[in-house]
Structure formats: structure tokens, C-alpha cells
1. State all residues of the stretch 26-61 that are open to solvent by 60 Å² or more (accessible area, probe 1.4 Å), assigned to a loop (DSSP other than H, G, I, E, B) and farther than 30 Å from PHE113 by Cβ; if no residue qualifies, say none.
2. Condition test on SER99, is it in a loop (DSSP other than H, G, I, E, B), open to solvent by less than 70 Å² (accessible area, probe 1.4 Å) and among the polar types (S, T, N, Q)?
3. Let me confirm something: among SER151, SER83, which residue is within 30 Å of GLY228 (Cβ to Cβ) and of a type in the set (Ser, Thr, Tyr)?
4. Of all residues in the stretch 102-115 being surrounded by 12 or more Cβ atoms within 10 Å (Cβ to Cβ) and small (Gly, Ala, Ser), which is nearest to GLY81 (Cα to Cα)?
5. Scan CYS14, CYS49, CYS101, CYS91 and give me the residue that is farther than 30 Å from PRO122 by Cα, modelled with pLDDT of 90 or more and not aromatic (Phe, Trp, Tyr).
6. I'd like the full set of residues that are touching a residue at least 40 places away in the same chain (Cβ under 8 Å) and either open to solvent by 70 Å² or more (accessible area, probe 1.4 Å) or not in a loop (DSSP other than H, G, I, E, B) (or both), limited to the stretch 72-96.
7. Would you confirm, using the coordinates I've provided, whether LEU160 is open to solvent by 80 Å² or more (accessible area, probe 1.4 Å), touching an Asp or Glu at 6+ places or on another chain (Cβ under 7 Å) and among the aliphatic types (A, V, I, L, M)?
8. Considering each of THR11, THR92, THR73 in turn, give the residue that is among the β-branched types (Val, Ile, Thr) and closer than 30 Å to HIS131 by Cβ.
Amino acid sequence: GRSCGGSFNETEACNEHPCPIDGAWSKWSMWSACSRSCSSGMQSRKRLCDNPVAQHGGSDCGGSSSEQRQCNTSPCPVDGGWSSWSRWSTCTRSCQGGSQCRPRSCNAPTPRFGGKTCPGEPQQCQDCNLHLCPVHGGWGVWSDWSPCSHSCGGGETTRLRQCNNPAPKHGGRACIGSDTDSLQCNNQECPVDGSWSSWLSWNFCTASCGRGTTFRERFCSHPRPLFGGRECDGDRQEQADCNTEPCPVDGKWTEWSSFSECSKTCGFDGSQLRNRSCTNPQPQHGGEDCFGPAQETQTCGNRECPVDG
């Protein structure tokens, strides 16, 4: 028979992606300037992971991208510095001009490692106590006593002196003691003038209506006169009208009037009237009205009426 037609194998491309490239360090840079000129500073240098740069999943560079080291480790020069001034010495005089001095030391700090010494002087002097010497004060003589402050009941009289014999000067001490002296005077009690107490309540009225009188009292006891003081001015008792409204008047009847003529001229069943009024006197000022009727009726007739045949 015939042989198979065509090729008995076939080829295709594979793993066409780029191969990984691992990163590698460039050369170190120059060292940086030292951070200090003496007494140990630091300097650094750097390198880059670009020789080549890592690509296509290659590994980064191993290690650090920077490094440091100490530099200028020799000690720095220390210039000398002055200490604080010490206290001033005691002045050679207590007043009218003396002198005093104070020292200082070049030890804050002491110069080292070629540092400069302190400039200026190690001692300072000045004038002192230039003020005039003090004059202590002395008292002058007492003045006359003043008039008493009250004419009675205890007052005070005073006298004065001045610190002027001599007056203190230039920081001298003031005079010791008081510049004022005092005494009590006119200790006798003062007269107390009398004064009225409040009025007491009004007494009962002498009448319950139609105008009565009442009175009230007060006393010269607030305070009472003492030590020759004046009595109270005015009356101890006061009087006034009271219950001035009119008294009630009860009404009373007048006399009955005469009976009126009989209402009939014959027969015995007529009637006649008589009246009275409540005006003798009439009720006033709340008085009671008259008691009983104001009109009275009675039967009348004194003959048989004629009867026609």
C-alpha cells in the first residue's frame, strides 16, 4: 500500500518570556564631609543597585545601600571661660567713700587642647559707701496740751513733739517712741435729756355712741432725764373724741287718731278705722321699728235699719 502523506513530527515555540536578570551594586560614592571638625563626627557614602537593575523577576542586590564611619576623632580645643564674679569684699569704710573688690577665675572651663585663655582682668574694684554718714534723730520739746475732745462723758487731750532735735538724715534712725501723748479728760457723765416713750393704746371711750372722750398716755422714759438733763417737752396725756356716730333711736307710735265714721248708717255690721304712725320719734341710726299694727278696725252700728212694709 501507499506510505502516509505529510510530516511525521511538528514543532512550536515555548518559554518566550525574557529571562530574569539579578541586580548588582554600582561602585560606592565618595565619603561625605565629616559632620564635626573634631571630637568624633560621622560621614557616609552610598551605592545604587543599578549595575544592572534587577529585571524580569531577578533578585535585588544583597546588603546595604549606605554605610557610615567615624571621622575627626581628635578632641576639640576648649577656650577658657570666666567663672561668675565672687561677692564684693567688705567696703573699707561704712560711709563717705571706701573701696571694695571682687575676683573671678578662668575655670569655667579651663583652657584645654590649645584653646584660648580668658580675655579681661581677673579682679574688679569699685568705690563704695559714698553716702554721707547717718545722723540719728532726737526729740524736740512737747507742745501744749490740746483742748479736751469732749465736754463730758470722757474725752481726750493730746500733745505732740517732733523728731527734729536733730532730724534724722542720711539714713539715720528715726526717734524711738511716739510723737503723740494723750490723757483722758472731762470724765464726768454728760446730761441726758428726757425723751418720750411711744404712746400707749387709747383707753375705753366714755360713751358707746353720740360722742364720748378717750385718752392715752406716754412716759418720759426713753430715756429718762439724767445728770441734769432736760425734762421731756409736751404733754404726758392726750385726749380725743370717740364714738362720734349718733346713737340708735327706736321708733315709737304716735297717739291713735279718732275712729272714722261708721261705714254704715244703720245695722250693727259696719266698721270704722283709726290710725297711728311710727314717728314719735321715727327710727334713726339703726334703731328698731315700732312694734304692732299702724291701723286698727272695729265694728260699729247703734240701731236697727228701717224695714219698709
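The values are calculated or read from the model by the stated rules, or taken from the named source; none is laboratory data. Note that the structure is a prediction, hence the values are computed from the model and not measured. Backbone-built Cβ (ideal geometry, glycine too); neighbour counts: all protein chains shown. To get the accessible areas, we keep the full protein, side chains included, count just its heavy atoms, and leave off ligands, DNA and RNA. Shrake-Rupley method; radii C 1.70, N 1.55, O 1.52, S 1.80 Å.
1. LYS27, TRP28, LEU48, ASP50, ASN51, VAL53, HIS56, GLY57, SER59, ASP60
2. So SER99 fails the test.
3. When all the criteria are applied, what remains is SER151.
4. Among those residues, the one meeting the criterion is ALA108.
5. Going through CYS14, CYS49, CYS101, CYS91 in turn, just one is farther than 30 Å from PRO122 by Cα, modelled with pLDDT of 90 or more and not aromatic (Phe, Trp, Tyr): CYS49.
6. Passing the criteria: only TRP88.
7. Yes: the conditions hold for LEU160.
8. The match here is THR92.
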